[in-house]
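Written out below as structure tokens is the structure these notes cover.
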Amino acid sequence: MATRRPLQALTRHASALFSKNPSFHSLPTPPPLPIYQPLKTLTSNFSLIFSNPDPTRSLTRHFSSKPRIGDVNEDNEHCDEDEDEDEDDDESEGVGDSEDESAYRCSGSKREYTPEEKEVEAAAIGYQVIGPLQRSDRVFKPYEPVFAVVQVGSHQFKVSNGDCIFTEKLKFCEVNDKLVLNKVLMLGSSSQTIIGRPILPDAAVHAVVEEHALDAKVIIFKKKRRKNYRRTKGHRQELTKLRIVDVQGIEKPEPVVTEKPSKAPGKKTEKVAVAA
């Protein structure tokens with residue numbers, strides 16, 4: 001109110017002055033002085049400050065799992081830029097990816113291995129796939145007093161023919177496939193022992209894939225006291241069951257047949273009573 005009164009008095013004096021002096025009528029009339037600035041002008045100024053420069057995009061926040069079309073296009077542009085930068089780095093280093101690897105990265109499907117790559121990876125684990133077991137194959141033999149220590153992956157097993165072992169799941173082999181375990185560390189029998197340095201090149205252990213199975217469930221439980229933190233998870237390891245059918249690379253002793261002494265017929269053991 002204190003500021004309005006001087007402004008109102010000033011406007012009255014100015015209007016009286018213009019009305020008494022006719023020479024001032026020829027001059028352009030100035031706009032009237034505002035008594036107070038309304039709230040709309042302030043809001044209009046703030047709207048200019050916070051106005052969106054891009055009318056196509058709104059300032060609203062979308063809480064949805066599906067992105068908007070504009071955001072998807074921008075993300076694709078950023079991804080293209082990142083891929084271009086990566087390609088430039090690869091070219092500068094002199095190392096380029098093949099078309100198969102780039103197609104594998106783009107598609108989320110499993111990688112397809114060539115026969116050469118399968119052989120290389122299987123040899124690194126410690127086995128070689130020969131082929132499926134046929135009905136005419138007579139691979140199962142009676143027990144022989146020979147043992148071998150083989151390495152499959154990161155585990156070692158002491159085996160003889162007829163034994164069953166469970167290894168981590170072996171790739172590139174199916175049930176009833178014949179395998180050769182070529183990482184033999186030691187061979188032994190009743191008469192001799194052969195130790196490799198670290199592998200015996202001329203030794204081999206033949207096996208047959210019987211089953212691909214899952215191990216018993218293992219519970220992983222984590223807790224932090226006084227933090228309200230508890231996590232429980234389960235895990236079942238994939239396993240492959242192998243049946244050992246033959247051990248090669250060592251002289252196998254001939255089985256010795258021991259005949260049991262037969263009792264002579266007609267003779268009976270007589271019991272003698274002892275007087276107390």
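The values are calculated or read from the model by the stated rules, or taken from the named source; none is laboratory data. Keep in mind the model is a prediction, meaning the values are calculated, not measured. Quick reminder, even Gly has a Cβ in these numbers, built from the backbone with ideal geometry, and neighbours come from all protein chains shown. Accessible surface is based on the protein model in full, side chains and every heavy atom, while ligands, DNA and RNA are left aside. Shrake-Rupley method; radii C 1.70, N 1.55, O 1.52, S 1.80 Å.
Do any residues in the stretch 227-244 that are free of Cβ contacts under 8 Å to residues at least 40 places away in the same chain and among the basic types (K, R) have Cβ atoms under 6 Å from those of residues that are surrounded by 10 or more Cβ atoms within 10 Å (Cβ to Cβ) and not in a strand (DSSP E or B), where the two are at least six apart or on different chains, and which pairs are they?
Every condition considered, the pairs that remain are R236/D215.
Can you tell me which residues in the stretch 177-208 are of a type outside the set (A, V, I, L, M, F, W, C) and surrounded by 13 or more Cβ atoms within 10 Å (Cβ to Cβ)?
Let us first name the residues in the stretch 177-208 that are of a type outside the set (A, V, I, L, M, F, W, C), namely 177-178, 182-183, 188-193, 196-198, 201-202, 206.
Once the filter is applied, which keeps residues that are of a type outside the set (A, V, I, L, M, F, W, C) and surrounded by 13 or more Cβ atoms within 10 Å (Cβ to Cβ), the stretch 177-208 yields D177, K178, N182, K183, G188, S189, G196, H206.
Could you look through the stretch 232-257, keep only residues that are at pLDDT 70 or above and part of a loop (DSSP other than H, G, I, E, B), and pick out the one that is nearest to G162 (Cα to Cα)? Before you say what the answer is, go through the steps one by one.
Step one: list which residues in the stretch 232-257 are at pLDDT 70 or above, which gives 232-254.
From what is left, the residues that are part of a loop (DSSP other than H, G, I, E, B) are 236-237, 249-254.
On the way: R236: 27, Q237: 24, G249: 17, I250: 17, E251: 18, K252: 15, P253: 17, E254: 17 Å.
Among those that are at pLDDT 70 or above and part of a loop (DSSP other than H, G, I, E, B), it is K252.
For the stretch 211-231, indicate whether the set of residues that are of a type in the set (G, A, S) and in a strand (DSSP E or B) is non-empty.
Yes, there is a match, as at least one residue in the stretch 211-231 is of a type in the set (G, A, S) and in a strand (DSSP E or B).
Residue-wise test of (1) among the hydrophobic types (A, V, I, L, M, F, W, C); (2) in contact (Cβ under 8 Å) with a residue 60 or more places away in the chain; (3) open to solvent by 20 Å² or more (accessible area, probe 1.4 Å).
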{"position": "Q134", "(1), (2), (3)": "no, no, yes"}
{"position": "R138", "(1), (2), (3)": "no, no, yes"}
{"position": "S154", "(1), (2), (3)": "no, no, yes"}
{"position": "N161", "(1), (2), (3)": "no, yes, no"}
{"position": "K169", "(1), (2), (3)": "no, yes, yes"}
{"position": "C173", "(1), (2), (3)": "yes, yes, no"}
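Could you tell me whether the stretch 133-142 includes any residue that is farther than 22 Å from G196 by Cβ, β-branched (V, I, T) and out of contact with any Ser or Thr (no Cβ under 8 Å at 6 or more places or on another chain)?
Initial filter on the stretch 133-142 (farther than 22 Å from G196 by Cβ): 133-142.
In the following step, the residues that additionally are β-branched (V, I, T) were identified as 139.
Okay, now just the ones that are also out of contact with any Ser or Thr (no Cβ under 8 Å at 6 or more places or on another chain), so 139.
Yes, because at least one residue in the stretch 133-142 is farther than 22 Å from G196 by Cβ, β-branched (V, I, T) and out of contact with any Ser or Thr (no Cβ under 8 Å at 6 or more places or on another chain).
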